[in-house]
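Here is the structure we will look at.
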Amino acid sequence: MYATRARRARPEPFAVHPGIAERLGLPYMDGGLALSATALVAFSVFTLAQATKHDVPGSPYYYVDRQAIYGVLGIVAMYLLTRIDYSRFRELRVGIYTFLCVSISLVFVFGFAARGSRRSFELPFFSFQPSELGKVLLVLALAGFVIDGARSGSEWQRTVRYLCLGLAPAALVFLQPDLGTALVFGAITLAVMYVGGVRWTHFAVIGAAFVAMTVAVLVVAPAVGTPVLKGYQEQRLTSFLHPSADPSDAGYQQNQAKIAIGSGEKTGRGDRATQTRLNFVPERHTDFIFAVIGERYGFMGAALVLSLYALLIWRALRIVTLSKNSYGTLVAGGIAGMLLFQVFVNVGMNLGIMPITGIPLPLMSYGGSSVLATFVAVGVLQSIHMQARLSQKGRFAW
Amino acid sequence: MYLRSDERGPAVNNRLALRLALFGGFAVALFAILFLRLWLLQVLDGEKYLAEAKNNRTRSFRTSAPRGKILDRNGAVLVANRTSLALQVNPRKLPEDPAERHAELSRLADLTHSTLKHLRKTMHEELKLAPAAPVTLRRDVGHYLVYYLQENQDRFPGVEVQRVFVRAYPDGTLAAHLLGNVGEISEKQLKEPRYKGLQPGDEIGQEGVEDTYDKYLRGRPGLTRIQVDALGEPTPNGRLVSKPPAPGDNLKLSIEKDVQEAGEAGLAAKGLPGAFITMDVHTGEILALGSFPTFEPSLFTRPLTQKQVDETYNNPSAPLADRAISGYYPTGSTFKLITAMAALESGILTPSRSIYDGGAFTVGGESFKNAGGASYGSLTLVPALQVSDDVFFYTLGDEMWDTGQLQHWAHALGIGRPPGIDLPGAVEGLLPSQHWRNQLYKEGKTERPWSAGDNIQLATGQGDLQTNPLQMAIAYATVANGGTVVTPHVGKEVTDAAGRVLKEFAPPPRRHVKMNPANRDVILEGLHEAAQTPGGTSYEVFGGFPTPVAGKTGTAQRVGHADQSWYIVLAPYPNPKIVTAVTIEEGGFGAESAAPVALDILEAYFHKHATASAGPNGGSPG
């Protein structure tokens, strides 16, 4: 159905003398996807320009300049990926997976420690955080493994294999420690397995195991004296259940974010914003940027951003259905799941309904690794879309 | 699993389509949750959060207002203010490392003669009230401490010194008891309606006129509201409201500093516990009121050392007690004025009735002797007062023993009842009566019922009677002014900084007592003879005093103590303006120690009011 409409939208798909647009492959790209991703990063730059003027003394555009550069680089990366046939990644799955695990492990050796956590390498221009790009790499590799292993072993064996393949890098990230990204890895694994057709009963067992593990980590382990989570991690995870007035509590931050968003009302407070301007909300350029949008631009601004994410994820889900092969379906499903999980957890955290986990808001939160990785993911989606279009073109051509 | 291969072509089959539909539905549900939550926060509850955000970003600082001055009736300053240095801790600037923080607080506790526990408690309590605001640890710190802290600033991050107002007493101990002191409001006081609007840590008057007239003296603290960031740091151009502190109004007392000084010096010279009061007999204005031993009121402007606590609170001679208004004393012969008035008004005595004094009075087998074993023969009232004949008054006491007339008149004149003075701590005292003792007897609290002996004792100010200079001054003033029971007070008026009178205190009399002016005249004549004719009990002291006065000595026996000396004098005679009552514990005869102090007071008073002594009524009768 989509295909029919898309075909009609292009009057002359196989021109004898292709124009510049055709040469660039623009007609085969998903416009909604490109538009929403570009609009989000533009909105991010716009917000940072207004909200972080006084953050770095002497350079009012510190974050703005950098985020703009990351955005441009991201768009370039997205376009380049569009021109690559994503199916190549399936063949490279072992290499990709190895690179993923090694790059994350190297952080332990060469990593740059920030706030007690080694997550990134210090590069000349920015600090590169392998686990961000690792999210996309995990999707590409894991989808390949699922396709590859589709006919070997029993269903249970396969399920356990996928889980192990997905959770191994998650565990590495967790040890950095970076709980948020580890959770994203987990979500990606589950999304790929879900689209890959793992049985419902297996998911039920995984769900039960997850609940049991949560109880063990949060209740049993601290009780017997061998806590798995660090104190602050546990506090953050549970603080949304009990907001607090103590500025040193994690619940305080969440409460301040909630107040910030609420105080924006319908149209926002603009430069009269106080919550996010006077540091009541921490990490306002990264994890809590949604609170800045909520306070400055009100419901109109926040709803616009949410709508752009809805568009992004809708287009991703649509690409799942368009893919020319199962590998594309799994990759697109994994990316859609990854984006949905990150957006819901981050915005939910800002709105006080999800725990504080340190998951950035894709394309909005300041940070080169995250912006670039998200554009890479969007580029892979575009590649799947383009391949689907080209194959249709080919099929109709012959 | 539906994946069998990665064959080309659209990969969607029916089972995958179902899963993708569910995936899409799940995504729609999650977005719906986010949109609804956003709508709830921003549109439905937005106002509430906006108010919270506004409240969040402002911080109020109170600047304390200087209290009003306390002046004497002529404007001489009794209590003023001085600025002092207060030690504050800014918790935000303390070291974050718990060990360093602990070490710094320990050093601070040592420096301020406090304990770490106490210090942490103070900080905890203050921070509950005003999070992130500086906590005042000690007021009025010495300069040596400030210099030390400045020199060692790096060892005391977060410790600050601020200027605050504290009370200053230019005359040291002068009028310490009636002035009272200032201190931090207690938790209990915070709940009282008169302290509505005050906050913990605010200072209020705690004793004396500082307490009674607190609402005039206190002033209004200034309020500065500034915009702050999350760390509580003021933001640039962030001043929102600024209300300067309004200093308290000045309080002018009816006290006359010279008279007060004379009384205190006189008492101090005796070196024995005692008290005095000088009051206007017509208005109840108190010109002087003091108690000995006394204390430095400035003591309370800083925390007491253990030595100071011992010297003030745990001292057996109770320097903090205001004996003039809270003493419980028998009065000795000064009570005879009341006995005479009761006898005259009830008709059992006339100015011409003589009573024979054979040296002792015997009733029910019990013998009451004259003081010193003297015997004066037949006497009328005036000579009986002049020589303070005991048998004369024993006889009157015996005649009124079950009529209640003596108690009626003593009560009417203010003995054994609240005096209504504008100072906290005034006591009711005890006026023994037939009903009172019989009630005790019925309850088994005493071994005998009321007897004539009790009333004979009371007639000469002995026995169970418990009163104080204030009550006796009221009784004498009432007789002197012809029956008006005045309301004693020290507060005279409230003035603003420019001296304009904002409020005057002239409390109406408590009540009026009907009395025959002739009876008053004959009693005052007797007292005048006692003070200023040869043979009078205090002639040796007042015989040479240029102003005619009427004064009565008293020598009260207190169980377990040497005799207590009393003197109460009305001046000038015969139309008194002031009454002065002096008592000195273990001071011996009335004329021996109390009367000389009263003389000092009157000299000081008449030195100032020279015209009064030379007035038309000033001539001595006979």
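In terms of surrounding Cβ atoms within a 10 Å radius of their Cβ, A:Y62, B:Y573 rank from fewest to most as A:Y62, B:Y573. Considering only A:A273, A:T47, A:I84, and ranking their Cα positions along the charge dipole of chain A that arises from unit charges at the beta-carbon of Lys, Arg, Asp and Glu, the one farthest toward the positive end is A:I84. Shown in residue order for segment B:257-270 are the 3J(HN,Hα) couplings computed by the Karplus curve 6.51 cos²θ - 1.76 cosθ + 1.60 at θ = phi - 60°: 4, 4, 5, 4, 4, 4, x, 5, 5, x, 5, 4, 4, 6 Hz (x for Gly and Pro).
Scalar couplings 3J(HN,Hα) for segment B:340-355, obtained by applying the Karplus form with A = 6.51, B = -1.76, C = 1.60 to θ = phi - 60°, are 5, 5, 4, 5, 5, 5, 8, x, 7, 10, 10, x, 9, 5, 9, 10 Hz; x denotes Gly and Pro.
With the charge dipole of segment A:255-368 set up from +1 on Lys and Arg Cβ and -1 on Asp and Glu Cβ about the Cα centre, the Cα lying farthest toward the positive end among the listed residues A:G367, A:F344, A:T321 is that of A:T321. Loop only per DSSP, at most 10 neighbouring Cβ atoms within 10 Å: give me the chymotrypsin sites (Phe, Trp or Tyr not before Pro) in segment B:428-511, ordered by residue number. Qualifying residues, ordered by number: none.
Taking every alpha-carbon pair within segment A:247-398, the share separated by more than 27 Å comes to 33 percent.
For peptide A:76-83, the mean count of partner chain Cβ atoms within 10 Å of a residue's Cβ comes to 0. For the peptides B:175-181, B:18-24, residues were scored by their other Cβ atoms within 10 Å and the scores averaged per peptide; the highest-first order is B:175-181, B:18-24. Counting other C-beta atoms within 10 Å, and keeping those with at most 16, which DSSP coil GluC sites (Glu not before Pro) do you find in segment B:62-140? Within segment B:62-140, the qualifying GluC sites (Glu not before Pro) (loop, at most 16 other Cβ atoms within 10 Å) are B:E96. Rounded, prolate or oblate: which one fits chain B, using the alpha carbon gyration tensor with axes a ≥ b ≥ c (rounded when a/c is under 1.5, else prolate when a/b beats b/c, else oblate)? Taking the square roots of the gyration eigenvalues as a ≥ b ≥ c, chain B is prolate. Going from the fewest other Cβ atoms within 10 Å to the most, the residues B:R220, B:R37 appear in the order B:R220, B:R37. Between the amide H of B:A246 and those of B:R220, B:G222, distances stay under 5 Å, these residues lying 5 or more places away or on another chain, with hydrogens modeled in the peptide plane.
The Cβ shell under 12 Å around B:V513 holds other residues with a net charge of +3, Lys and Arg each +1, Asp and Glu each -1.
Averaged over the residues of A:266-279, the number of partner chain Cβ atoms lying within 10 Å of the residue Cβ comes to 4.
Using only side-chain charges placed at the Cβ, +1 for Lys and Arg and -1 for Asp and Glu, the dipole size of the protein assembly as shown relative to its Cα centre rounds to 7920 debye.
Karplus-derived 3J(HN,Hα) values for segment B:182-190, using 6.51 cos²θ - 1.76 cosθ + 1.60 with θ = phi - 60°, are 10, x, 5, 5, 8, 4, 5, 5, 4 Hz; glycine and proline are entered as x.
Ranked by the mean number of other Cβ atoms within 10 Å of their residues, highest first, the peptides A:221-233, B:404-416 fall in the order B:404-416, A:221-233.
Are there trypsin sites (Lys or Arg not before Pro) in segment B:112-218 that DSSP puts in a loop and that have at most 10 other Cβ atoms within 10 Å, and which ones? Here the sparse-neighbourhood loop sites are B:K191, B:K196. Each of A:H385, B:H282, B:H512, B:H113 was scored by other Cβ atoms within 10 Å of its Cβ. Listed from fewest to most, they are B:H113, B:H512, B:H282, A:H385.
Amide H to amide H distances under 5 Å link B:Y329 with B:T467, B:N468, where only residues 5 or more positions off or on other chains count and H is placed in the peptide plane. Cα extents for the protein assembly as shown along the principal axes, largest to smallest and rounded to whole angstrom: 156, 60, 50. Only the Cβ atoms of Lys and Arg (+1) and of Asp and Glu (-1) were treated as charged; on that basis the dipole of segment B:18-125 about its Cα centre amounts to roughly 340 debye. Using +1 at the C-beta of Lys and Arg and -1 at the C-beta of Asp and Glu, which of B:S346, B:T380, B:S317 has the Cα lying farthest in the positive direction of the dipole of segment B:311-387? Of the listed residues, the answer is B:T380.
This model, with +1 at the C-beta of Lys and Arg and -1 at the C-beta of Asp and Glu, gives segment A:279-339 a dipole about its Cα centre of some 320 debye.
Averaged across the residues of A:254-263, what count of C-beta atoms belonging to other chains lies within 10 Å of each residue's C-beta?
For peptide A:254-263, the averaged partner shielding equals 6.
Among residues other than A:A302 with Cβ under 13 Å from its Cβ, the summed charge is +3 (Lys and Arg +1, Asp and Glu -1).
Only the coordinates and a few stated rules stand behind these numbers; no lab work does. Only a predicted model underlies this, so the values are computations on that prediction, with no experimental measurement involved. Please note: Cβ atoms are built from the backbone with ideal geometry, for glycine as well, and neighbour counts cover all protein chains shown.
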